[in-house]
Amino acid sequence: MRVKRSSAIVVLLENDEFVFHNFLGQQTFTANPTALEILRRLHVWTDLENLGEYFPGYSRESIERSIDQLVELGALVVEGTDAAVLDEDYTRTWAWGPISAAYHFGTRDGAFISAEEGMELLRQQAKFIPSPPLYQLNSNPATDVPLPLREDYSEPFLTMAKRRTNRVMLDAPITVEHLADCLLFSMAITAFIEDPETVDLPLKMTPSGGGRNPYEAYVCVRNVTGLAPGTYHYSALERTLGVVGEGRPPPFPSLLAGQQWSSPAAAVVFLVANFDRVMWKYQDPHGYRVVMMEAGHIAQNIMLVATRHGIVANPSGAFSRIAVEETLGVGGATQSAVYALVLGVPTEDPAEGVA
Ligand SMILES: Cc1cc2nc3c(=O)[nH]c(=O)nc-3n(C[C@H](O)[C@H](O)[C@H](O)COP(=O)(O)O)c2cc1C
């Protein structure tokens, strides 16, 4: 059996200890000097049979005990295991270094609590720590510049003004035409910038840093007139839905971190980032921030189209990564679901259910 140190470890000094975080396995541990020495040395695949040679000052039993513990803690990976495959995938493909990786992988499985629990926590917190103000005033009448008032809210301004999250949805269908528009105006490729030397860059109605267009859209369809329930991938070029999974998708709350309000929704669009497309051009980890920004552009267009059609697209950053990846058939170190838009038929009063 061969082992090596996990490639996904960052070490922090906390108080008087070295604290190790394995951001791929989400494990945190402290290491004593023996463990530290083992980790330092085992940076390449090493046969356990030969460990005596590597650590002459230590008894075989103490080395084996430490190795077992370090494997359990995710500090060492064993050749051929799922952890080793993940480790290999990460080192081979993640080009933005360990700081961005620690952030990306270390935060991708949020510990979500229910809305009620969250509200109660906030109520308690507000008693001791007041919230910072949520807007900034100018308040200098001598120099503040009043801007012209807009009286006319004709389109497209009316739609922008009307957009609202409304989590109270009817258990009713949306139409395939409305879903198609949501995807068309956010994701469809409308032109190309030709570049014979590298690759033609797709252009869309939403902007993309360097034209790299890292996002693919997937749709879990529950109740859409003219479309069979199932899970689909949207081809931005062909403007078609490719079947990823047949039959009803899993109940939406099971995909969306338990958010019960999503259960009567008609469909959920997931925006999935393909970081490799951006890494190929931009080696600097700032590229990570650019990918996150782009999700907002796409989501906003989906929300505006939904509003225009009298349906709703509720944004959700909370979802259960593993369940979503399994349902969509995506995953790996450089592919990640980032944003969910929950489409449905809204109730009359958009104020209801707003957090
Ligand atoms: C990036 C992002 C993530 C969000 N995630 C969630 C979420 O996980 N669950 C939820 O119920 N609402 C979520 N929201 C919706 C906000 O709570 C909502 O936008 C906010 O209450 C303001 O209401 P409005 O959208 O009607 O302006 C999210 C919004 C944004 C922009």
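The values are calculated or read from the model by the stated rules, or taken from the named source; none is laboratory data. In this text, all values refer to a predicted model and were calculated from it rather than measured experimentally. Heads up, the Cβs are rebuilt from the backbone with ideal geometry, glycines too, and the neighbour counts pull from every protein chain shown. Note: accessible area is taken over every heavy atom of the protein model, side chains too, but ligands, DNA and RNA are not part of it. Shrake-Rupley method; radii C 1.70, N 1.55, O 1.52, S 1.80 Å.
Scanning residues 5 or more positions from Leu343 or on other chains, those with amide H under 5 Å from its amide H are Ala266, Ala267, Val268, Val269, Asn314, with H placed 1.01 Å from N in the peptide plane.
Normalised size of segment 260-331, defined as Cα radius of gyration per 2.2 N^0.38 Å with N residues, equals 1.30. Net charge dipole, the chain: roughly 560 debye, given to the nearest 20, about the Cα centre with Cβ charges of +1 for Lys and Arg and -1 for Asp and Glu. Accessible surface of segment 157-346, 1.4 Å probe: 56 percent of it comes from carbon and sulfur atoms.
If the elastic network links every pair of Cα atoms under 10 Å, which of Tyr282, Tyr215, Tyr153 fluctuates the most in the Gaussian network model of the chain? Top of the fluctuation ranking is Tyr153. Stretching the chain fully between Thr165 and Val10 yields a gain of 52.0 nm (0.36 nm per residue, less the alpha carbon separation).
Per-residue extension of 0.36 nm, minus the Cα-Cα distance of Ala126 and Tyr58, leaves a gain of 19.1 nm for this segment.
Taken over segment 2-93, the percentage of Cα pairs per 10 Å bin, counting from 0 up to the bin with the maximum distance, is 16, 52, 28, 4.
Note on the chain: with a GNM built from Cα contacts shorter than 10 Å, the maximum mean-square fluctuation among Gly242, Gly57, Gly210 falls on Gly57. At a probe radius of 1.4 angstrom, the accessible area of segment 1-136 per residue rounds to 66 square angstrom. The Arg2 and Ala111 beta-carbon pair, evaluated with R₀ = 25 Å, returns a calculated FRET efficiency of approximately 0.15. For segment 157-346, taking the reciprocal of the average inverse distance between every pair of different Cα atoms yields a Kirkwood hydrodynamic radius of 16.7 Å. The spread of Cα positions in the chain, taken along each principal axis and listed from longest to shortest, comes to 81, 53, 44 Å. Extension gain for Thr198 to Glu72 (0.36 nm times residue separation, less C-alpha to C-alpha distance): 40.9 nm. Within the accessible surface of segment 1-125, defined with a 1.4 Å probe on protein heavy atoms only, the carbon and sulfur portion equals 54 percent. Site pair Ala172 and Asn32 shows an inter-label distance of 6.7 nm when each label is modelled 7 Å from Cα along Cα→Cβ.
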